[in-house]
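The values are calculated or read from the model by the stated rules, or taken from the named source; none is laboratory data. This structure is a prediction, so every number in the text was calculated from the model and none was measured. Every residue, glycine among them, receives a Cβ derived from its backbone with ideal geometry; neighbour counts consider all protein chains shown. With ligands, DNA and RNA removed, areas are computed over all heavy atoms of the protein, side chains included. Shrake-Rupley method; radii C 1.70, N 1.55, O 1.52, S 1.80 Å.
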Amino acid sequence: MVGLLLICLSVIALNYFKSDKTEKGENAEAKESKIPEVDEYGGIHLEKVGDKVRQKNWGTFRLLETKSINEAFELAPMVITVKDIRRIQLSSLTDEIKEELKSYTGLSFDEAYSIYYKENLSMEEIDQQAAMSKTDIDEEVSYLEITYSVENKDSKELQFFSMENVTFNDDLTYDVPSKNFIHSGDTFMGTKKVSRSDYQPGELRKGTIGLLVDPEAKLDRLDSFSFTTDDIADGESHELLVDGTSFEIPLKGK
């Protein structure tokens with residue numbers, strides 16, 4: 001009799017926890033289904049901290065932190081206007097997107113070359129070192145988004161890349177051409193000098209940059225931002241006109 005009672009209690013407990021787990025799963029799915037879904041880049045739909053949006057066949061975006069800048073930086077005759085710098089969390093990513101984002105982790109080929117060329121490694125071996133440095137994307141990962149515009153105020157065609165390197169909090173540095181996973185607007189024009197479309201006289205371009213944050217970086221808030229530009233060269237002769245420079249933006253209080 002006692003044995004039968006214990007069996008009954010075990011079955012009741014098992015069904016309870018199973019039901020509770022199912023209910024929690026259904027609630028989580030219900031909450032997820034209430035998130036607005038869009039077809040285009042999800043970041044543009046985030047307005048205030050805590051906002052969420054799902055990008056169809058991609059993943060879910062949540063705004064963690066935002067810094068409104070709206071400042072212009074001039075390297076005459078080019079003018080770079082930084083609009084916003086934001087920290088965004090990604091989750092519910094598809095396996096295909098995780099694999100795509102993985103390629104933006106670790107070392108780029110150029111970075112691996114700068115480290116290993118002295119060891120007399122072949123190009124193939126250096127490429128293998130770069131591949132081995134890549135890390136899998138977790139269920140959640142965050143990235144830093146920079147929205148900006150660039151204007152050529154000259155009367156001639158110019159060759160220029162606005163943000164070659166960027167640094168956050170004086171510590172986290174990125175080579176933008178190899179680490180930016182958002183290719184739209186200005187950055188869609190090409191990330192290398194040989195492939196990049198020159199700025200036409202008076203041309204204005206808008207751009208968005210996305211840079212993954214290594215979980216080990218433990219970036220809890222944005223305190224500072226700086227960027228280094230490319231040189232400015234003549235679009236036809238490729239003659240150097242202006243050396244590249246660096247600009248710094250304090251983010252505390254913004």
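Over 26 Å between Cα atoms: which of LYS83/LYS153; LYS34/LYS134; LYS56/LYS102 fall into that group? From the list (LYS83/LYS153; LYS34/LYS134; LYS56/LYS102), the Cα-Cα distance tops 26 Å for LYS34/LYS134. In the range 65-153, the alpha-carbon atoms span a convex hull of 151 Å³ per residue. Could you work out how much longer the chain between ALA76 and THR105 gets when fully extended? Use 0.36 nm per residue separation minus the Cα distance between them, nm to one decimal. Difference between extended and current length: 7.1 nm. Per residue, the range 152-254 exposes an accessible area of 51 Å² to a 1.4 Å probe, with every protein chain left in place.
Given R0 = 41 Å, the distance between the Cβ atoms of THR94 and SER122 translates into a calculated FRET efficiency of 0.70. Extending 7 Å from the Cα toward the beta-carbon at both ASP223 and SER178 defines two label points whose distance is 2.8 nm. Each peptide in 245-253, 95-103, 59-67 was scored by the mean count of other Cβ atoms within 10 Å over its residues; highest first, the order is 59-67, 95-103, 245-253. Might you tell me the accessible area per residue for the range 50-100, computed with a 1.4 Å probe and given in Å²? On a per-residue basis, 45 Å². Each label was represented as a point 7 Å from its Cα along the Cα-to-Cβ direction; for ILE44 and VAL242 these points are 2.8 nm apart. The stretch between GLU140 and SER114 holds 6.3 nm of extra length on full extension. This uses 0.36 nm per residue minus the Cα-Cα distance. Counting only aspartates and glutamates at least 8 places from LYS118 when in the same chain, those with an alpha carbon closer than 18 Å to its own are ASP110, ASP127. Within the accessible area of the range 102-201, what % is carbon and sulfur when the probe is 1.4 Å and the other protein chains stay in place? Result for the range 102-201: 47 percent of the exposed heavy-atom area is carbon or sulfur.
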